[in-house]
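Asker: Take this structure, written in structure tokens, and hold onto it; I'll ask about it next.
The numbers here are math on the coordinates, done by the rules we state, and not lab data. Keep in mind it's a predicted model, so treat the numbers as computed, not measured. Positions of Cβ are backbone-derived with ideal geometry, glycine not excepted, and every protein chain shown enters the neighbour counts.
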Amino acid sequence: MEPSNWLDALFLILQTLVVLFLLLHDRIPLGRLNNLAAIRSVDGLPRRIFVTLLPVIPTAFGLVWSARRFGQPHPMGLEILLWITYGTLLVGILRAWWIPYLVTPDAQRAERYQTMFSGTHAFLPRRNGIVPDTLHSVFHLTTLATMLVMVVREHRY
């Protein structure tokens, strides 16, 4: 593989990890990384389907389109899709996890998260009633890394 294709390969790997997380993290048991019974006790099936499909459709579409363009510059439509998709995903992550954790307490969210993620592994301390669990933290870092690779790719082509 040519050196320039390593970046494209990394980009596809990161996108794949994001899509797999979105599809599977609330559906398959992962030991202490998730608590499926607690999630199901808080969110019914229609909501779980909706909150899965909403981000999965554009991320999966972007992954497939990116794979088809491996080693080539992306067309403007794909770049726009990727920036909107991952930008929206990052804003959602900040709003759902990091702003309530670091800045503005949200008692309702804290109560909900304490139920949904009870017993899951976390390495950060509890703040404002919230502790980002390990699985979500890895997902958040993967999303951020995907966006950083997008920036580097944009400057390469």
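Asker: Only Cα pairs under 8 Å and at least 6 apart count here; give the relative contact order of segment 79-131 as a rounded whole percent.
Answerer: Reported relative contact order: 39 percent.
Asker: If Lys and Arg each add +1 and Asp and Glu each add -1, what is the summed charge of the other residues whose beta carbon sits under 15 Å from the beta carbon of Arg40?
Answerer: That works out to +2.
Asker: Mind pulling the angle between the C-alpha long axis of helix 107-116 and the longest principal axis of the chain? Nearest 10 degrees, somewhere in 0 to 90.
Answerer: 80 degrees
Asker: What is the angle, in °, between the Cα long axis of helix 3-24 and the longest principal axis of the Cα atoms in the chain? Nearest 10 is fine, range 0 to 90.
Answerer: Compared with the principal axis, the helix lies near 30 degrees.
Asker: Sticking with this one: Could you work out the local net charge near Ala110, counting Lys and Arg as +1, Asp and Glu as -1, over the other residues with Cβ closer than 10 Å to its Cβ?
Answerer: +2
Asker: Under a no-solvent Debye model with one identical scatterer per Cα of the chain, what's log10 I(q)/I(0) at q = 0.08, 0.16, 0.20 Å⁻¹?
Answerer: So the normalised log intensities are -0.26, -0.93, -1.27.
Asker: Please compute the modelled spin-label separation between Leu54 and Trp6, points set 7 Å along Cα→Cβ, answer in nm with one decimal.
Answerer: Here the answer is 3.8 nm between the modelled labels.
Asker: On to the next question. At a temperature of 20 °C and a viscosity of 1.002 mPa s, determine how fast segment 51-92 diffuses translationally according to Stokes-Einstein, using the Kirkwood radius over alpha-carbon pairs as Rh; express D in µm²/s, rounded to the nearest whole number.
Answerer: Stokes-Einstein gives a translational diffusion coefficient of 201 µm²/s.
Asker: On a 0 to 90 degree scale, rounded to 10, what angle separates helix 45-68 from the longest Cα axis of the chain?
Answerer: Value to nearest ten degrees: 20.
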